[in-house]
Structure formats: structure tokens, C-alpha cells
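Below: one structure, written as C-alpha cells.
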Amino acid sequence: MGFKGFFKKVLSGIFKSKKEIKLGFYGPPNAGKTSLANRICKDFTGEEIGSVSKVPHETREVQFKEKVEIKYKGKSMTFKIVDTPGIATKIDYEEFLRYRMKKGDAKKRAKEATQGVIDAIKWLDDMDSVVVVLDATENPYNQVNITIIGNLAARKIPVLIIANKIDLRKADIKKIEAAFPEYKTIGISAKNGENLDEFYEEIFKLVKRI
């Protein structure tokens, strides 16, 4: 094999072994980011990525699972799933006292959650695409969500918005669509696995824009 043939073979190998697509899950606390990331990882690797709780800021560190191969309608893509702490503009330890947490534990959790928000924003620079998970029962037009979307827009990162908890009576996808009309919004229930087919279809469309 000549040099040209060898060079062509090496280049071919590089392109065939394209890096994993880094897919970040962002959103406010308790929107269902980890629940959705868990369901995806469980479906395609058999393992969950993290624990969930009704107490805000259960996820206080960026956690990820590599080589998650998602298969949908005969197509296959490999992802690095990155689950991030809930973004909040203010984290007060008194918030956790409502959940019968001791004062010392509440202060520790608030400190860790604050650091988690900082780390989550830093990780944005490493993302190929992002899923923003919002609670479909809450008003989407608030400072936290605007901050998240603004950071993504500034970095020109492809975004898919998820309106989670559509199994609940108060869920209103149209409010989220109206708040962020420039982005595709999909309604799902991460808890019940509802409408995940449409979610996977949109994820494959999203990464084509990278």
C-alpha cells in the first residue's frame, strides 16, 4: 500500500469512529431532567445515571454516562449523556427546611447546589446539543428559563425543549411553545415513558444540525 492509500485508510478510520455526541440535560430543579436521563440510559444500557427525589437539588454534581447507543427506526447514534444540576438564580438553605432537613444538612445542600449551578453553566461550553427539560405544569416564562435559553442561544448550541409531566392535569404545552417559539417543543412524561418515540425522533433531527 502506497502512502496515499495508507493516508486515505487512516482518514476513513477517523471519520468512522466519530466522537460521541455530548447531549446535555438542562433545566430548573425538579423539572425531570434526571428522570428522563435515567429512562434513556436504562432503555439503552440497562443502568440509570442518578437518583431522583421530591426534594429540590437532588442532583448537585454534573453526572454523565458514556457510550449510550440510542437506536431508533433502524438508525443508531452514540451519545455521552450529561445530566446537570437544576439551574436556579437563588438557592436558600431555608428552602430545604420545609422537607424536615436539619439546618446543618440544609446549609450543606444549598452550598453544594450553588456550586452545581456554576459547574452546569461551565459544562455548556462542552455540549454538542442540549435538551432543556421544563415542568409543563409551571409557568415557563421566568428568569431561570430565560437565563438557560439565553446561554444556549449565545453559544449557538442546538436545542430541543421538553415539556415534561404531561400526565398531570395542569400540564400546558402551549404555554411553553408560546414562551420559546423559536425552538421545537415535545411533550412527554419521563415518569410514565409517554411520547418517547417522538422525543427520539427529534433528538436524531437535532444532532444533524451539529
Residues that are charged (D, E, K, R) and either free of Cβ contacts under 8 Å to residues at least 60 places away in the same chain or in a helix (DSSP H, G or I) (or both), drawn from the stretch 112-137 = Glu112, Asp119, Lys122, Asp125, Asp126
Among residues of the stretch 79-107 being touching a residue at least 24 places away in the same chain (Cβ under 8 Å) and small (Gly, Ala, Ser), the residue farthest from Arg39 (Cα to Cα) is Ala88
Tell me, please, whether a residue that is in contact with a strand residue (DSSP E or B) (Cβ under 8 Å, 6 or more places away or on another chain), surrounded by fewer than 18 Cβ atoms within 10 Å (Cβ to Cβ) and part of a loop (DSSP other than H, G, I, E, B) can be found in the stretch 184-205.
-> yes
With the first residue restricted to the stretch 190-208 and required to be closer than 17 Å to Leu23 by Cα and among the charged types (D, E, K, R), and the second required to be modelled with pLDDT under 95 and surrounded by fewer than 19 Cβ atoms within 10 Å (Cβ to Cβ), Cβ contacts under 7 Å at 6 or more apart or on different chains are Glu201/Tyr72
Of the candidates Lys65, Lys42, Lys33, Lys22, the one satisfying the condition of being surrounded by fewer than 16 Cβ atoms within 10 Å (Cβ to Cβ) and either farther than 30 Å from Lys90 by Cα or out of contact with any His (no Cβ under 9 Å at 6 or more places or on another chain) (or both) is Lys42
Specify which of the listed residues (Gly116, Gly74, Gly86) is surrounded by fewer than 19 Cβ atoms within 10 Å (Cβ to Cβ) and small (Gly, Ala, Ser).
-> Gly74
State whether one or more residues within the stretch 157-178 are among the aliphatic types (A, V, I, L, M), within 18 Å of Thr84 (Cβ to Cβ) and surrounded by fewer than 17 Cβ atoms within 10 Å (Cβ to Cβ).
-> no
Flag if Pro140 is more than 14 Å from the chain's Cα centre (by Cα) and surrounded by 15 or more Cβ atoms within 10 Å (Cβ to Cβ) = yes
Has the stretch 117-125 got at least one residue that is modelled with pLDDT of 90 or more and within 25 Å of Lys191 (Cα to Cα)?
-> yes
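The values are calculated or read from the model by the stated rules, or taken from the named source; none is laboratory data. These numbers were taken from a predicted model, which means no experiment stands behind them. With ideal geometry, Cβ positions are generated from the backbone for all residues, glycine too; neighbour counts draw on all protein chains shown.
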